[in-house]
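Have a look at the structure below before the remarks.
The values are calculated or read from the model by the stated rules, or taken from the named source; none is laboratory data. Everything quoted here is computed from the prediction, not taken from an experiment. Neighbour counts are summed over all protein chains in view; Cβ atoms, including those assigned to glycine, are modelled from backbone coordinates with ideal geometry. SASA here: full protein model, heavy atoms, side chains in, ligands and nucleic acids out. Shrake-Rupley method; radii C 1.70, N 1.55, O 1.52, S 1.80 Å.
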Amino acid sequence: MALRSLRRSVYATVALASTLLLSGCANFYVDTGLKDVPPQDIAKPASPQDVQLIFEFRTKGVANAGATALLKDQVTQLVSESGVFARVSGTPEQSAGFLSVVIDNVPLSDDAFSKGFVTGLTFGLAGNTVTDGYVGTIEYTPAGQKKSIKTTVRHAIHTTVGAQGAPANATPSASLDEAAKTMTRHVVMNGLKTLSHDKSFISGN
């Protein structure tokens, strides 16, 4: 995606300062606290069920329609190809369960760092570093049931401007678009991994 498009849509996704993007010398890094999930690490149900998927991206708890539209197809594809469910639909069906995926872009504080929200950022670099935190909430309700299964995943994207080094334990991305999509993949797949191994999920299938 071109830089102009990034300024319009992906910028809203990661909520970085506009001066960083306009400077033309920003570098983007995905924190290594989460990694890609090998297919074999996701438990496949013996009898997978259909599911209705609802995805929403939020910025500080407020729905972000532009970022939701940008990432919705990717999230749908990830869930569909995970093997956790038989068929993924965007509309309600009587025999289908309900899967909610919410990714919230939240501000980080020093206290959040101390609690291990971000695992990789190294301070003291020349230049400026901005870090955006993301909280992914994956909640599944089996068909015909009221009790849901919920898991939470945390991630981060670091942006450096004018720095002479990169954050430790962070993987560079070619663009902000790439970083956002990598973050989304990590959040969704790690959440599905946890869900697939949950005893309540297994027994419900």
Item to complete: Give segment 171-181 a look and list any residue that's open to solvent by 20 Å² or more (accessible area, probe 1.4 Å) and among the aliphatic types (A, V, I, L, M), or say none.
Response: 174
Practice prompt. Please tell me if residue 78 is within 22 Å of residue 177 (Cβ to Cβ), surrounded by 15 or more Cβ atoms within 10 Å (Cβ to Cβ), under 18 Å from the mean Cα position of the chain (by Cα) and at pLDDT below 95.
Written response: no
Worksheet item: Which one is most open to solvent (accessible area, probe 1.4 Å), of the residues in segment 41-72 that are outside any loop (DSSP other than H, G, I, E, B), more than 26 Å from residue 170 (Cβ to Cβ) and of a type outside the set (A, V, I, L, M)?
Response: 72
Discussion item. Please verify whether residue 156 is at pLDDT 80 or above, of a type in the set (Gly, Ala, Ser) and under 15 Å from the mean Cα position of the chain (by Cα), treating the condition exactly as stated.
Written reply: yes
Item to complete: Determine the pairs where a residue that is open to solvent by 30 Å² or more (accessible area, probe 1.4 Å), located within segment 182-195, has a partner that is assigned to a helix (DSSP H, G or I) and modelled with pLDDT of 95 or more with Cβ atoms under 6 Å apart, the partner being 6 or more residues away or on another chain.
Response: 193/41
Worksheet entry | Count of segment 136-184 residues which are over 20 Å from residue 31 (Cβ atoms) and in a strand (DSSP E or B) | 5
Worksheet item: From the list 84, 79, which one is within 20 Å of residue 197 (Cα to Cα), assigned to a loop (DSSP other than H, G, I, E, B) and among the β-branched types (Val, Ile, Thr)?
Response: 84
Discussion item. For segment 129-144, check the following and say yes or no: at least one residue is modelled with pLDDT of 80 or more and surrounded by fewer than 16 Cβ atoms within 10 Å (Cβ to Cβ).
Written reply: yes
